[in-house]
1. If you go through the stretch 28-45, how many residues are over 27 Å from Ser2 (Cβ atoms) and not acidic (Asp, Glu)?
2. Give the number of residues within the stretch 180-205 that are within 13 Å of the ligand (Cβ to nearest atom) and within 23 Å of Ala136 (Cα to Cα).
3. So, of the residues in the stretch 1-31 that are in a loop (DSSP other than H, G, I, E, B) and more than 16 Å from the ligand (Cβ to nearest atom), which turns out to be farthest from Met195 (Cα to Cα)?
4. Are any residues in the stretch 46-67 of a type in the set (Lys, Arg) and under 20 Å from Gly143 (Cβ atoms), and if so, which ones?
5. Pairs please, first residue from the stretch 27-42 and under 19 Å from Gly54 (Cα atoms) and touching a residue at least 24 places away in the same chain (Cβ under 8 Å), second anywhere and surrounded by fewer than 18 Cβ atoms within 10 Å (Cβ to Cβ) and among the polar types (S, T, N, Q), Cβ atoms under 7 Å, 6+ apart in sequence or on different chains.
6. If you check Ser114 against the conditions, is it at pLDDT below 95, of a type in the set (Gly, Ala, Ser) and farther than 24 Å from Ala9 by Cα?
7. Considering every residue within the stretch 146-157, establish whether at least one is out of contact with any His (no Cβ under 6 Å at 6 or more places or on another chain), more than 9 Å from the ligand (Cβ to nearest atom) and free of Cβ contacts under 8 Å to residues at least 24 places away in the same chain.
8. For the stretch 68-97, which residues satisfy the criterion of being closer than 17 Å to Asp132 by Cα and in a helix (DSSP H, G or I)?
Amino acid sequence: MSVKPIFFALDGKELNEFREELEKLKGVIYGVKVGLEMFTAEGPSSVEKLKNDGWKVFLDLKLHDIPNTVQAATVSAANIGADYLTIHIASGKEALHAANENKTEDIKLLGVSSVLTSKAYDEETSRAVERDFLVAKESGIDGVICPASEIEATKKIFDLIVTPGIRLESDSKDDQRNITTPEKAIELGAKYIVMGRSIKNNLDYIVERLEI
Ligand code: C5P
């Protein structure tokens, strides 16, 4: 069975909370996502432990600062072993470019538009997202975090598309509005999907039956 292109969102304070899931998911999915909550609580050791266990780590810090700071934080993230890092496109082209120019090959940068998946979508927001993604492309960064509704348009701009807001048909939507299923996101062109609560709620199904 090939590795499923999923990042499991570790949305909690401690790695320990996810021990059972991580054991079952090892070798089944591509990687894990460490977000602000865990990184603030546990610091770099969370990333280092996951790397030691052989995980690809997506560090979701959504950096938003002046070019010098964004660039320096990118180097620090690469040094602790992060494989992917998010930066707000609103930091500006100069900041994205500085981060990209000064990083090693080991870390991939993903741009984040301020328009999040929990918002309802309309044409105006789509245009705003596309404008952001074009700025990200010009800066040279590797890819973007892209809501389900924008995958098709974004494929013309980036290959590396990572899509959150994923739910199985049987799941509740929680606070996500712009959602799709794992199969549909991959079919539309996402390279990886991010799944948090839906993995927790359907662990055996994801491990044994989900085919993507
Ligand atoms: O799958 P679930 O809704 O539990 O996962 C939520 C994860 O996706 C969180 O870690 C959140 O930060 C992330 N995310 C999101 N919407 C975005 C970008 C990231 O929900 N636009």
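The values are calculated or read from the model by the stated rules, or taken from the named source; none is laboratory data. The model shown is predicted, which means the values in this text are computed figures rather than measured ones. Positions of Cβ are generated from backbone atoms using ideal geometry, with glycine treated the same way; all protein chains shown enter the neighbour counts.
1. Taking the stretch 28-45 and keeping what is over 27 Å from Ser2 (Cβ atoms), we get 36-45.
Next cut, not acidic (Asp, Glu) only: 36, 38-41, 43-45.
Residues meeting the conditions: 8.
2. 5
3. The first filter runs over the stretch 1-31 and keeps only residues in a loop (DSSP other than H, G, I, E, B), leaving 1-3, 11-14, 26-28.
Of the ones still in play, those that are also more than 16 Å from the ligand (Cβ to nearest atom) are 1-3, 26-28.
Numbers: Met1: 19, Ser2: 18, Val3: 15, Lys26: 15, Gly27: 16, Val28: 14 Å.
Checking each candidate, the answer is Met1.
4. First, pick out the residues of the stretch 46-67 that are of a type in the set (Lys, Arg): 49, 51, 56, 62.
If the condition is that a residue be of a type in the set (Lys, Arg) and under 20 Å from Gly143 (Cβ atoms), then Lys56, Lys62 are the ones that fit.
5. Between residues of the stretch 27-42 that are under 19 Å from Gly54 (Cα atoms) and touching a residue at least 24 places away in the same chain (Cβ under 8 Å) and residues that are surrounded by fewer than 18 Cβ atoms within 10 Å (Cβ to Cβ) and among the polar types (S, T, N, Q), there is no close pair.
6. Details: at pLDDT below 95: yes; of a type in the set (Gly, Ala, Ser): yes; farther than 24 Å from Ala9 by Cα: no.
It is false that Ser114 is at pLDDT below 95, of a type in the set (Gly, Ala, Ser) and farther than 24 Å from Ala9 by Cα.
7. First pass over the stretch 146-157, keeping only residues out of contact with any His (no Cβ under 6 Å at 6 or more places or on another chain): 146-157.
From the residues that got through so far, the ones that are more than 9 Å from the ligand (Cβ to nearest atom) too are 148-157.
Okay, now just the ones that are also free of Cβ contacts under 8 Å to residues at least 24 places away in the same chain, so 156.
Yes.
8. Ile89, Ala90, Ser91, Lys93, Glu94, Ala95, Leu96, His97
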